[in-house]
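For reference, the structure discussed in these notes is given below.
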Ligand code: GLC
């Protein structure tokens with residue numbers, strides 16, 4: 001349809017029809033036999049509301065969606081198609097690593113391919129929109145949703161937000177293999193006080209704009225179709241009813257003209273926030289703030305008709321929202337083809353196809369971060385007797401907390417991969433213990449019960465593990481978090497492995513100190529105990545359907561770990577929030593300065609255990625001092641910075657050379673360094689190559705004291721190295 005036809009459709013719609021378009025219902029409410037009808041009554045949602053709703057959350061499957069769409073459109077007065085939306089966060093059925101792991105790859109283009117793959121599967125299954133990318137900047141590992149972000153760096157997150165948006169949306173939103181993307185959660189959701197989910201966010205205007213907004217901007221610039229509001233407050237007003245944020249910043253300043261959808265129930269929750277006085281007030285404020293779709297709070301269908309007929313809300317605001325939704329349906333091609341890419345046969349053919357499994361495997365391999373490798377403990381060697389031990393050795397659940405579309409039954413476990421890829425090796429397997437401490441209560445989607453063992457069974461597991469360790473030349477322990485302990489509503493105040501796993505670590509390394517640890521986590525943990533006892537440490541995150549195969553290939557040297565940390569791993573939880581791009585303070589501490597009156601702790605170091613950008617491989621590299629082609633730069637000029645990188649080991653390898661800049665003195669304090677670029681360099685043993693970076697004036701800009709986005713003359717340091725801890729620097733003058 002063209003815009004004129006859309007306008008005519010809008011004019012012809014009744015008020016109830018228009019109100020229906022701005023309401024999103026959960027798919028369960030549409031299922032005839034739905035037990036979820038209960039929430040309908042609680043939400044004050046009527047059958048009429050259901051028959052007029054504009055979008056649906058939480059249904060997938062080509063046949064089911066086609067049936068619902070067909071019946072719905074036949075009943076609808078203007079036969080307007082539904083949009084089917086769902087959280088396809090790290091894959092649809094072929095699940096690839098969680099976003100935090102993707103950030104570790106430092107390969108946005110690879111994430112873009114994964115998003116494209118997810119769109120291919122999800123579109124064949126009938127979906128039109130995904131609630132991804134989540135690009136909230138994160139600095140606090142207590143917050144369980146760090147697993148959904150690509151990390152603590154604004155530049156890295158911006159690259160991934162762009163790549164994922166383009167991967168999902170392709171060149172044609174109406175295509176049969178594309179999804180509309182929805183960037184979330186706008187804005188600043190990743191900075192809750194105390195790392196407690198849904199908690200208050202307090203950010204200075206400058207920090208908010210300089211660190212938390214750019215990645216959303218990158219998605220908007222990439223043409224993202226939707227934005228989702230966040231649960232938190234911004235400047236003490238809940239984002240979902242924050243007119244200045246949504247109309248002033250998102251639409252007017254950032255140029256977003258797509259559909260703004262609330263997070264689940266977020267409009268109604270503004271009452272609990274203590275902002276909206278009641279549901280009518282919440283509906284009024286949200287529509288005035290420019291929220292186009294009410295996701296499952298029900299205040300729009302319940303309140304808008306009375307508000308508009310009572311003259312309390314202008315109908316033009318509703319028309320504006322409905323027009324944006326109709327335009328989205330038009331961009332998705334749903335008026336011409338309401339079934340878009342839904343195709344049961346294609347759904348069956350593409351889901352978990354070998355091409356997709358191979359991509360998921362590559363994404364997992366690229367996400368692993370090797371944190372320690374004493375005396376080249378890894379890769380393992382064929383002549384060594386190996387024991388693979390731990391609760392994650394034969395565990396299928398490697399998919400992460402937001403992959404309920406994936407089936408862990410499809411996962412290749414570590415043990416399965418080892419038996420397939422190490423047929424001639426001498427390998428034994430032992431579970432050792434459960435993931436969780438006995439009696440741990442888990443709240444998941446529905447009633448989830450983790451395996452439990454009697455004391456006698458646990459003793460047997462223990463004995464088998466110790467025996468296996470004793471007889472082996474080398475042990476690899478597979479430990480980690482439970483997938484229901486990371487993701488939404490999973491904030492933790494203690495960032496350690498469960499006690500039972502810590503005990504296994506101590507016992508096994510006491511029996512055989514030649515032990516490596518592989519970690520399955522959705523967040524940085526306090527790894528002091530692991531670092532102390534293990535000869536090698538590999539962070540595997542939640543690696544997805546092909547995680548086991550990717551890990552065995554990595555542990556046996558068929559491929560090399562090249563990941564770099566997208567988020568600092570704290571020394572302990574007391575250090576959190578911790579991030580590399582901190583301000584220097586007036587009393588910077590540089591160990592081992594004995595001066596008491598410096599910005600430091602009495603009992604722990606300032607530095608994280610493992611810093612942003614850190615990771616090692618199976619070889620070593622040297623990096624030469626920074627060389628600049630000039631010492632001064634004008635605003636319209638540029639400087640070329642380079643280092644020579646050499647493979648000083650005996651195996652081929654890849655290094656990720658990172659460029660950071662530091663504005664030494666400015667009208668506001670500036671971070672000690674900020675990531676501005678990186679290059680992956682692959683070298684044979686003894687080979688060397690140059691990493692060359694062009695530094696332009698626009699890379700030096702920031703929000704100056706008077707709030708303008710600009711650079712200021714002065715001294716800048718160029719830091720080029722293998723992580724944010726590098727001090728390999730050289731200065732230049734911007735004149
Ligand atoms: C959740 C999440 C959001 C998700 C939405 C729909 O509460 O905050 O990220 O997209 O609901 O599932």
Largest first and rounded to whole Å, the semi-axes √(5λ) derived from the alpha carbon gyration tensor of segment 322-454 read 40, 22, 15
What nm value, rounded to one decimal, do you get for the distance between residue 634 and residue 3 when each label is placed 7 Å out toward the C-beta? 4.3 nm
Which order do the peptides 327-339, 631-643 take when ranked by the mean count of other beta-carbon atoms within 10 Å per residue, highest first? 327-339, 631-643
Quick one: go through segment 691-735 and flag any residue whose amide nitrogen is under 17 Å from the point 7 Å out along the Cα-to-Cβ line of residue 599. 725
By its C-alpha gyration tensor, with a ≥ b ≥ c as the square roots of the eigenvalues, how is segment 331-389 shaped: rounded for a/c under 1.5, else prolate for a/b larger than b/c, else oblate? prolate
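Hey, can you rank 433-442, 513-522, 163-172 by average C-beta count inside 10 Å, highest first? Don't skip to the answer; put the middle values down first.
Values: 433-442: 15.9, 513-522: 23.5, 163-172: 21.9.
Averaged packing, sorted descending, gives the order 513-522, 163-172, 433-442.
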Provide Rg over Rh for the chain; use the alpha carbon set for both Rg and the Kirkwood Rh (inverse mean inverse pair distance). 0.98
Work out the FRET efficiency for residue 339 and residue 206 from their Cβ-Cβ distance, taking R0 = 45 Å, and round it to the nearest 0.05. 0.40
Regarding segment 212-271, what are the three Cα extents along the principal axes, ordered largest first, in Å? 34, 21, 17
Residue 728 and residue 471 label points (each 7 Å along its Cα→Cβ direction) are spaced in nm at 4.7 nm
So if I restrict to the alpha-carbon atoms in segment 689-735, what is the Rg, and what is Dmax, the biggest pairwise distance, in Å? 12.9, 43
So between residue 349 and residue 383, what do we pick up on full extension, going 0.36 nm a residue minus the alpha carbon distance? 8.2 nm
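Where does each of 411, 704, 94 land when they are ranked from fewest to most other beta-carbon atoms within 10 angstrom?
Going from sparsest to densest Cβ surroundings: 704, 411, 94.
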Mind ordering 288-297, 498-507, 66-75 by average Cβ neighbours within 10 Å, highest first? 288-297, 498-507, 66-75
Separation of alpha-carbon centers, segment 121-189 and segment 352-405, rounded to whole Å: 24 Å
Whole-Å distance, taken between Cα centres, linking segment 260-318 and segment 448-485: 51 Å
At a Förster radius of 41 Å, what calculated FRET efficiency corresponds to the Cβ-Cβ distance of residue 16 and residue 710, to the nearest 0.05? 0.20
Could you pull the Cα extents of segment 626-715 along its three principal axes, largest to smallest, in whole Å? 53, 23, 16
Which percentage, to the nearest 5, of the DSSP beta bridges contained in the chain is antiparallel? 55 percent
Which value, in Å³ per residue, describes the convex hull spanned by the Cα atoms of segment 531-654? 220 Å³
Given R₀ = 60 Å, what would the calculated FRET efficiency be for residue 502 paired with residue 309, taking r from the Cβ atoms and rounding to 0.05? 0.45
In nm, spacing of pseudo-spin labels at residue 669 and residue 420 (7 Å Cα→C-beta vector): 5.3 nm
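No value in this document is a laboratory result; all are computed from the given coordinates. Just so we're clear, the structure is a prediction, and the values are computed from it rather than from any experiment. Backbone-built Cβ (ideal geometry, glycine too); neighbour counts: all protein chains shown.
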